[in-house]
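A.B. asks: Quick one: structure below, then a few questions.
The values are calculated or read from the model by the stated rules, or taken from the named source; none is laboratory data. Being a predicted model, the structure only gives us computed values, none of them experimental. Counting neighbours? That spans all protein chains shown, and the Cβs are built from the backbone with ideal geometry, glycine included. When the accessible area is computed, the model is the full protein with side chains, heavy atoms only, and any ligands, DNA or RNA have been set aside. Shrake-Rupley method; radii C 1.70, N 1.55, O 1.52, S 1.80 Å.
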Amino acid sequence: MKKTEHTFAIQEIAERFGVTTRTIRYYEEIGILQPRRTNGGQRVFTKKEIVQLQLIFRGKKFGFSLEEIREMIRLFDQDPTGKQQLKRTIEFGYTKLEEVAARINEL
């Protein structure tokens, strides 16, 4: 017997993260999220998309661009061990630290 994966509708996901459904659709439009669709065309979100959204919102909180976040998510898809993603995230992090230090010096 195959275990059924729990899925969520877009409204449930939006409420869970405190964002609009438009925000979720935007992330799909720009290729950061790729939820499956039902035969009727409705988006179906799984644990994978929830984790990706957590990464998106955490990345935004720390000042990463959506392009940087997209790259980090794609790296994890290519290397499920997470090593490549971690390495690139650290590189992005050091760049952010340098940017902040430069702004502080400017002030």
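A.B. asks: Are there any pairs, at least 6 apart or on different chains, whose C-beta atoms fall under 9 Å, with the first in the range 53-69 and in contact (Cβ under 8 Å) with a residue 24 or more places away in the chain and closer than 19 Å to residue 84 by Cα and the second β-branched (Val, Ile, Thr) and open to solvent by 50 Å² or more (accessible area, probe 1.4 Å), and if so, which?
C.D. replies: Pairs that qualify, where the first residue is in contact (Cβ under 8 Å) with a residue 24 or more places away in the chain and closer than 19 Å to residue 84 by Cα and the partner is β-branched (Val, Ile, Thr) and open to solvent by 50 Å² or more (accessible area, probe 1.4 Å), are 68/95.
A.B. asks: Does residue 66 satisfy being of a type in the set (A, V, I, L, M) and more than 18 Å from residue 33 (Cβ to Cβ)? Outline the logic, then answer.
C.D. replies: Numbers: of a type in the set (A, V, I, L, M): yes; more than 18 Å from residue 33 (Cβ to Cβ): no.
So residue 66 fails the test.
A.B. asks: Checking the condition charged (D, E, K, R) and more than 22 Å from residue 20 (Cβ to Cβ), which residue from 74, 70 passes? Step through it out loud before you land on a result.
C.D. replies: Working: 70 fails: more than 22 Å from residue 20 (Cβ to Cβ).
Answer to the selection: 74.
A.B. asks: How many residues does the range 68-84 hold that are assigned to a helix (DSSP H, G or I) and either more than 12 Å from the chain's Cα centre (by Cα) or aliphatic (A, V, I, L, M) (or both)?
C.D. replies: Looking only at the range 68-84, we keep the residues that are assigned to a helix (DSSP H, G or I), and these are 68-78, 83-84.
Then keep just the ones that are either more than 12 Å from the chain's Cα centre (by Cα) or aliphatic (A, V, I, L, M) (or both); that gives 69, 72-73, 75, 78, 83-84.
So the answer is 7.
A.B. asks: So in the range 68-107, with the set limited to residues that are among the basic types (Lys, Arg) and open to solvent by 80 Å² or more (accessible area, probe 1.4 Å), which one is modelled with the lowest pLDDT?
C.D. replies: Just the residues of the range 68-107 that are among the basic types (Lys, Arg), to begin with: 70, 74, 83, 87-88, 96, 103.
This time we only want the ones that are open to solvent by 80 Å² or more (accessible area, probe 1.4 Å), so: 74, 83, 87, 103.
Numbers: 74: 85, 83: 82, 87: 85, 103: 89.
Across the range 68-107, the extreme among qualifying residues is 83.
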